[in-house]
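The values are calculated or read from the model by the stated rules, or taken from the named source; none is laboratory data. Computed from a prediction, not measured in an experiment: that's the story for all the values here. Cβ placement follows ideal geometry from the backbone for every residue including glycine, while neighbour counts extend to all protein chains displayed. These area figures cover heavy atoms from the full protein model, side chains too; ligands, DNA and RNA do not enter into them. Shrake-Rupley method; radii C 1.70, N 1.55, O 1.52, S 1.80 Å.
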Amino acid sequence: MSTNKSTIVINEVAFFVILLYISKATEVKEVYKWNNVNFTWPNQLVYQYSLQAGLYIPANNFPTNIKIYGSRIYTALGRYYSGTPVTLGYVPLKSNNVSPLVTPFPSWEMNVQCDCKTLQNVNAIDIDKNGIMWILDGLRHNNLTNCPSKLIIYNITSHKIISTYDFPSEGGQTNAYLGDIVIDGNFAYITDSNAQDPGIIVYSKKKNTSWKLRDASMFPDQNALTFKIGKSKFNYYHAVGPITVSPYTGNSKKNRFIFYSPVSSLNIYKLNVDVIQNRDLITQNSWRDYVHVAGTKADQSYNYVMNHNGDMYFCLLNKNALAKWNVDKGFRTASFVASNNMINWCTGAAFSRDHLYLISGNLSNYFINGVKPTIEMNSFRLLKVSIKNRNKRYS
C-alpha cells in the first residue's frame, strides 16, 4: 500500500483554542430527542400485541443513519437486537413534537421480517437528487436473519422498487456488516466492516454486478483502538466504515476520489474513482499503489458527508466536535465547525439547504461496552448545525 508521508495532524493545542471561538460562533440546536423510539402503528391492537409478544422492545430501537429528501428525514434503524419492528422509516423535517413517531418506510409490510424480499436489517441509505433511494440491507452479524445482504433501489416519488440486488458470498453473506453507502451516478460504494474480511464493495447499476476491494488501509489501526467517551476509556476494533466521494467539477469526471477510513483509525484514505470502477484493474495488485493518505485527524470518526463544494464534514467522536475539510485543499486547512456535548457518538449526517443535520447518541455503551439497552440509558438526538453555502446534491 502506498501512503502519503506528509500527512498533517490537526494540532491538539490549536483544537482547544479554536473551540473557545466556535463555541460562541456556531450554534448546535437540538431538533428531536428520543429515549424511546416509537412508531405510527396500524392500530392499538397491533401495538399492544407487539409489546406483549416481544416483537417491540422499546429500549432496543434507535436511529443510526439519516438522509433528507423533501420534507422528510429518512432514518435507518439497525436491528442490532431483537424487538425492533422497523428498520427503515422517516420523521418530518419539522414538527412540534420533540420525540416524533417514526413512520415505517416504504410500508409496514416491507419492514416485517417475513421473507427475504422485505427489509431485514438496514444500517445506511443514500438518496440522489431525483429522489431515488438506495437502501443498504446489509447487517448480518447478529444472526437475526438468514437472508442474503441486498441493495434495494427505490423511487420515493412513484413508490416503486426499481431493482433489488443480492450480494454474492464475497460481499459478506456470513457475519456481514455493510456499514455505509454513497451514490456516485450509476455506481454505489459500500463499506464492509467485517472484522475478518473488511473492504469496499463497488456496485454497478448499469451492469447489475459488484466487486470488492481489499487493502491494508481498510483494517483498524492498532494505534487508534482507544476511544474515550466521557470519562470512560475502551478499546474498539472497527474496520472501514465512513465513506464519501468528491463531487463533479463542472463537466469533468476526472480526478475524483473516494475518501474512507476505518472507524478505529485517524487516517483518511483516498482512492481515484477511475481505479475502483475498473473491475479488471482490481484483479491486479497494482491498484493498491493508488491508495494514499489524504490526511490524519485528531480523532476517530464514524461518518463522512460531502457537499457539492467538496466540503467534507465529520464528527470527532472523542471530542464531541464537528470538523470540516475541503478536499481540493491541503488537509492543513481542515477546521473545527462546532463543539457541543450533544455531539456524542455521531453515526449519521445529512444536508438540508444551509444546515447539516446530525444523529448522535450513546450507541458506544451498547456496541463497545456491551451494556444492555434501557430506556433510562437511551439518549438519541437529531441536531442541526448552521453551515455556510447552500448544499446541493451532486450524485
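Just a few scattered comments:
- All positions within the stretch 330-341 that are over 23 Å from THR64 (Cβ atoms) and assigned to a strand (DSSP E or B): SER335, PHE336
- Within the stretch 172-189, the only residue that satisfies the criterion of being touching a helix residue (DSSP H, G or I) at 6+ places or on another chain (Cβ under 8 Å) and either closer than 20 Å to ASN146 by Cα or not in a strand (DSSP E or B) (or both) is LEU178.
- Lone unmet requirement of (1) touching a helix residue (DSSP H, G or I) at 6+ places or on another chain (Cβ under 9 Å); (2) small (Gly, Ala, Ser); (3) without any contact (Cβ under 8 Å) to a residue 24 or more places away in the chain for SER169: (1)
- The one condition in (1) at pLDDT 90 or above; (2) open to solvent by 40 Å² or more (accessible area, probe 1.4 Å); (3) over 23 Å from TYR260 (Cα atoms) that CYS114 fails to fulfil: (1)
- Residue among THR283, THR244 that is out of contact with any Pro (no Cβ under 7 Å at 6 or more places or on another chain) and open to solvent by 70 Å² or more (accessible area, probe 1.4 Å): THR283
- A single member of SER339, SER360, SER364 is crowded, with 17+ Cβ neighbours inside 10 Å, touching a strand residue (DSSP E or B) at 6+ places or on another chain (Cβ under 8 Å), of a type in the set (Gly, Ala, Ser) and without any contact (Cβ under 8 Å) to a residue 60 or more places away in the chain, and it is SER360.
- Taken over the stretch 314-329, the criterion of being outside any loop (DSSP other than H, G, I, E, B) and either open to solvent by less than 20 Å² (accessible area, probe 1.4 Å) or of a type in the set (A, V, I, L, M) (or both) is satisfied by PHE314, CYS315, LEU316, LEU317, ALA321, LEU322, ALA323, TRP325.
- Unique match (being out of contact with any Gly (no Cβ under 9 Å at 6 or more places or on another chain) and open to solvent by less than 10 Å² (accessible area, probe 1.4 Å)) among ILE181, ILE200, ILE161, ILE190: ILE200
- All positions within the stretch 95-139 that are within 18 Å of ASP166 (Cα to Cα) and of a type in the set (Val, Ile, Thr): THR118, VAL122, ILE125, ILE135
- Filtered by the rule that a residue be closer than 13 Å to ILE243 by Cα and charged (D, E, K, R), the stretch 290-327 gives no residues.
- Residue within the stretch 170-177 that is acidic (Asp, Glu), at pLDDT below 95 and over 21 Å from the mean Cα position of the chain (by Cα) present: yes
- Scanning the stretch 65-76 for residues that are among the basic types (Lys, Arg), touching a residue at least 12 places away in the same chain (Cβ under 8 Å) and open to solvent by 40 Å² or more (accessible area, probe 1.4 Å) turns up at least one hit.
- Leading residue by the ranking (nearest to ASN365 (Cα to Cα)) among those in the stretch 342-351 that are touching a residue at least 60 places away in the same chain (Cβ under 8 Å) and outside any loop (DSSP other than H, G, I, E, B): THR347
- Failed item in (1) modelled with pLDDT under 90; (2) over 18 Å from HIS292 (Cα atoms), with ASP180 passing the rest: (1)
- Number of residues in the stretch 209-234 that are among the polar types (S, T, N, Q), open to solvent by 50 Å² or more (accessible area, probe 1.4 Å) and either touching a residue at least 60 places away in the same chain (Cβ under 8 Å) or closer than 30 Å to GLN277 by Cβ (or both) equals 1.
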